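The values are calculated or read from the model by the stated rules, or taken from the named source; none is laboratory data. Quick caveat: nothing in here was measured; it's all calculated off a predicted structure. Backbone-built Cβ (ideal geometry, glycine too); neighbour counts: all protein chains shown. Note: areas computed on protein heavy atoms with side chains; ligands, DNA, RNA excluded. Shrake-Rupley method; radii C 1.70, N 1.55, O 1.52, S 1.80 Å.
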Amino acid sequence: MKALLLFCVKTYISLGLFFYFKKIEVIKQGHIPKDKPILFLGNHQNALIDPLIMAVYSGRTAHFLTRAQVFKKPLVSKILKTLQLIPVYRVRDGWENITQNNEIFSQCISILETNQAVTIFPEGSHNLKRTVRPLSKGFTRIVLGVLEYNPSSNLQLIPVGFNYKKAEGCPDEALIVFGKPIAASRYTLEDKNLAIKNMKNDTYKVLTTLTTHIPFKDYDNTLAKLQALNVDFLNPEQVNNCIQSHFKVCQTKPRVSHNYLKVFFMLLLKVWCFVPYFVWKKMAQPKIKEIEFIATFRFAIAITLVPLWLGFVAILFAVLFSGSLAIYFIVSALIIALLAVKL
């Protein structure tokens, strides 16, 4: 039953992402094994959108470590745990809760021992800045725990780079790069401090090649230069080469003229979905305090309120007029949405 529920949720999320993003490109630099324990380690920019994309495109059904704050309400907590989300506590959640992470890490170790997959965002928080932030050592505790329990474990670490054209915009474009698997067995248990250091350094180094990495020093000025050059942020290798060459070797994209046809269909889509759009613009968006959550809440409304609204209007048309008009309305809405997003 749980497997069926996860399949249905994953399929629905996949459909939602298709209509939300203009394009999602996935690159896998190495084979992602189906029969080995995997620890996915991704940079974290776009709040809930990152794990949703991971869940759909990784090729594995994974458990996700998620900040404990979202588990406060009992009903929500039960639903999230059913969907294989695991709460993890941070310093801001209170020092008295940090010790609960010991049980969480033990749970992750048990999951990996049964050749399943776990996803962690080792930066510890999300941020839209195009840079890889210092990694926390939480994931290293899980890796070392697995190796202590089973030194011959086939645990694979797979760095994942998330790249967005404009994460707070809609429709957006994304590139997800799965790096080559790193065998956890390469890290020795003889010197745990050295193993932790090497694990963090190796993962960090790979992540900085899988996504655009603008150094913290002079970040704003560097970003402004890249934007002025109109570089392709969906090609992190080119962008990173541009930064490292001090802007001497940069490939730029041609400026695209205004797409009036797209604007027309986007306006038409807003008319078709004027109630969900009103809820988003007047009720939801003004309450968002962190820019990283804009895409998350917009997507949530898109996959919940929009279908309910379209279904309600279709039923209304069917009752007041005819079933064929209701079908026409739904089909028209889908076509308009595809043209507004994909053009």
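General observations
- Hits in the stretch 154-165 - residues which are open to solvent by less than 10 Å² (accessible area, probe 1.4 Å) and within 20 Å of GLY30 (Cβ to Cβ): LEU155, LEU157, ILE158, PRO159, VAL160, GLY161, PHE162, ASN163
- In the stretch 24-44, the residues that are more than 14 Å from the chain's Cα centre (by Cα) and touching a residue at least 40 places away in the same chain (Cβ under 8 Å): ILE27, LYS28, GLN29, GLY30, HIS31, ILE32, PRO33, ASP35, LYS36, PRO37, ILE38, LEU39
- Applying the set (1) closer than 20 Å to PHE299 by Cα; (2) modelled with pLDDT under 85; (3) open to solvent by less than 30 Å² (accessible area, probe 1.4 Å); (4) not hydrophobic (A, V, I, L, M, F, W, C) to SER77 leaves exactly one unmet item: (1).
Per-residue answers, yes or no, for (1) in contact with a Gly (Cβ under 9 Å, 6 or more places away or on another chain); (2) of a type in the set (Phe, Trp, Tyr):
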residue	(1), (2)
CYS8	no, no
GLY16	no, no
TYR20	no, yes
ILE24	no, no
GLY30	yes, no
LEU48	no, no
VAL56	no, no
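- Exclusive hit being over 27 Å from VAL9 (Cβ atoms), open to solvent by less than 60 Å² (accessible area, probe 1.4 Å) and in contact (Cβ under 8 Å) with a residue 12 or more places away in the chain, set PHE329, PHE317: PHE317
- The residues on offer are THR208, THR222, THR212, and the sole one that is farther than 25 Å from LEU112 by Cβ, at pLDDT 95 or above and not in a helix (DSSP H, G or I) is THR212.
- Considered as a group, the residues in the stretch 227-238 that are without any contact (Cβ under 8 Å) to a residue 60 or more places away in the chain and in a helix (DSSP H, G or I) include one that is most open to solvent (accessible area, probe 1.4 Å), and that residue is GLU237.
- Screening PHE247 with (1) part of a loop (DSSP other than H, G, I, E, B); (2) closer than 30 Å to PHE19 by Cα gives one miss only, at (2).
- Subset of the stretch 33-50 (residues that are surrounded by 17 or more Cβ atoms within 10 Å (Cβ to Cβ) and in a loop (DSSP other than H, G, I, E, B)): LYS36, PRO37, ASN43, HIS44, GLN45, ASN46, ALA47, LEU48
- Qualifying position, being in contact with a strand residue (DSSP E or B) (Cβ under 8 Å, 6 or more places away or on another chain), in a helix (DSSP H, G or I) and modelled with pLDDT of 85 or more, among ILE109, ILE24, ILE13, ILE53: ILE53
- Qualifying residue in the stretch 203-216 (condition: open to solvent by 30 Å² or more (accessible area, probe 1.4 Å), more than 24 Å from MET54 (Cβ to Cβ) and out of contact with any Ser or Thr (no Cβ under 9 Å at 6 or more places or on another chain)): no
- A single entry from VAL306, VAL271, VAL263 fulfils the requirement of being within 18 Å of PRO171 (Cα to Cα), open to solvent by 30 Å² or more (accessible area, probe 1.4 Å) and in contact with a Pro (Cβ under 7 Å, 6 or more places away or on another chain): VAL306.
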